[in-house]
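Working notes, structure below.
The values are calculated or read from the model by the stated rules, or taken from the named source; none is laboratory data. Keep in mind the model is a prediction, meaning the values are calculated, not measured. Virtual Cβ from ideal backbone geometry, glycine too; neighbours counted across all protein chains shown. Side chains are part of the model used for accessible areas, which takes the heavy atoms of the whole protein and leaves out ligands, DNA and RNA. Shrake-Rupley method; radii C 1.70, N 1.55, O 1.52, S 1.80 Å.
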Amino acid sequence: MTAPAGRTVRVLVADDQEIVRTGLRMILDAQPGIEVVGEAADGLAAVELARRLRPDVCLFDIRMPGLDGIEATARLAGPGVADPVAVVVITTFDLDEYVYAALRAGARGFLLKDAGPDLLAQAVQAAASGDALIAPAVTARLLAAFADAGPGRPPRQPVEPLTGREEQVLAAVARGRTNNEIAAELYITLSTVKTHVASLMAKLAARNRVEIAIWAYETRRVRPG
């Protein structure tokens with residue numbers, strides 16, 4: 001589900017610490033075009049509330065009682081979910097296995113709690129518009145590390161070969177570049193970037209930019225550094 005352009009982005013916040021939820025609500029409600037419409041203290045309550053309220057974006061902590069943020073993400077945005085909700089995971093713990101599991105579960109973003117108001121707002125807006133944002137400090141490191149470890153199966157092949165330009169866009173997406181940054185780096189228009197990203201998603205059967213990035217690392221098209 002994607003919020004239409006110009007509409008207020010409705011956000012559900014889930015964290016087991018009340019002081020954290022309050023802080024996130026204050027930060028987000030202070031941002032233009034963003035409104036927190038619900039809070040939950042555990043994963044089960046978050047899933048139930050998300051299904052009832054249908055927010056544009058869910059902001060989930062990973063470590064929650066009953067049902068953690070990863071499983072909650074999978075239930076709302078995982079493979080096979082007919083009408084997935086955009087989820088951004090935010091956590092204190094910079095642990096690769098948590099991040100990768102969250103992204104595999106369908107999360108559209110990953111942030112650390114020290115990200116700051118601007119990056120938090122960017123991640124929410126990106127998720128609402130169908131984009132993805134991962135904390136720059138963890139993007140390349142976590143994707144490369146888990147691609148190197150590998151799940152023991154060969155990466156899926158694209159339904160059609162990628163063009164040279166698509167390979168360039170793929171590498172930029174894998175390094176966490178935004179569409180605007182890619183346009184500037186490759187000297188192409190923003191609409192052209194969006195066309196290439198859409199083509200990559202179709203060819204790779206990827207649901208979002210995160211899956212494009214994971215595929216780039218799994219196929220060794222992008223490496224650490």
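Summary of computed values
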item	result
Of all residues making up region 9-41, the number that are open to solvent by 50 Å² or more (accessible area, probe 1.4 Å) and in a loop (DSSP other than H, G, I, E, B)	4
In region 152-176, the residues that are free of Cβ contacts under 8 Å to residues at least 40 places away in the same chain and assigned to a helix (DSSP H, G or I)	GLY164, ARG165, GLU166, GLN168, VAL169, ALA172
Residue list for region 146-168, filter: buried (at least 17 other Cβ atoms within 10 Å of the Cβ) and at pLDDT 95 or above	LEU162, GLU166
Scope region 177-210; condition more than 24 Å from VAL159 (Cα to Cα) and not in a helix (DSSP H, G or I); matching residues	ARG177, THR178, TYR187, ILE188, THR189
Scan of region 97-125 for residues that are free of Cβ contacts under 8 Å to residues at least 24 places away in the same chain and either open to solvent by less than 30 Å² (accessible area, probe 1.4 Å) or in a loop (DSSP other than H, G, I, E, B) (or both), ordered by number	ASP114, GLY116
Every residue from region 178-189 that is open to solvent by less than 80 Å² (accessible area, probe 1.4 Å), at pLDDT below 90 and not β-branched (Val, Ile, Thr)	ASN179
Answer residue from region 51-77, given it is crowded, with 23+ Cβ neighbours inside 10 Å and more than 16 Å from TYR100 (Cα to Cα) and is modelled with the lowest pLDDT among those	MET64
